[in-house]
Amino acid sequence: PLFQVLFMLENAGDGGGALPGLNMSGAGAELVSAKFDLSLELVATPHGVYGGLNYSTDLFERGTVERMLGHLARVLEQVAADADVRLSQLELLGEAEREQVVEAWNLTDAGYPAGAPIHRLFEEQAERTPGAG
């Protein structure tokens, strides 16, 4: 494919369209299949920004996509609060997610017998669990 990810931002202006007296509104249609691996389509209106995310369920789990949307929302909130913020200063992770990733998942302390060579430890593990592969 030429590209696999699409980001589209449309400016709907006053929502009236090109013809006088014509008003538009979304129908809330749900796509059955993804055209791209990941596509985020947003429409800016005087009442706010609305949109939807479509993704390939073969590639992404719902939780992953929801987490990515949360990261995007967090970045947008920071930019809205300070338009001059540097990209390197933006935080993707909220406090709970940062604690989980940095603290909980990083608890990798494990005892290691200092005098044993690595090949001996490997052999001992193989003897303890001969069917593991």
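Eigenvalues of the alpha-carbon gyration tensor of the stretch 82-133, scaled by 5 and square-rooted, set the equivalent ellipsoid semi-axes at 43, 13, 11 angstrom, largest first. Name the trypsin sites (Lys or Arg not before Pro) in the stretch 30-133 that are in a loop by DSSP and that have at most 16 other C-beta atoms within 10 Å, would you? Those that pass, being in a loop and sparsely packed, are Lys35, Arg86.
Taking the inverse of the mean 1/r over every pair of distinct Cα atoms in the stretch 51-98 gives a Kirkwood hydrodynamic radius of 12.1 Å. Let a ≥ b ≥ c be the square roots of the eigenvalues of the Cα gyration tensor of the stretch 37-77; is it rounded (a/c under 1.5), or, if not, prolate (a/b larger than b/c) or oblate? In terms of gyration-tensor shape, oblate. Mind listing which GluC sites (Glu not before Pro) in the stretch 57-107 are in a DSSP loop and have 15 or fewer other Cβ atoms within 10 Å? Taking the stretch 57-107 and a limit of 15 other Cβ atoms within 10 Å, the loop GluC sites (Glu not before Pro) found are Glu61, Glu91.
Every number here is computed from the coordinates shown, using simple stated rules; none is lab data. What you are looking at is a predicted structure, and each value in this text was computed from that prediction instead of being measured. Positions of Cβ are backbone-derived with ideal geometry, glycine not excepted, and every protein chain shown enters the neighbour counts.
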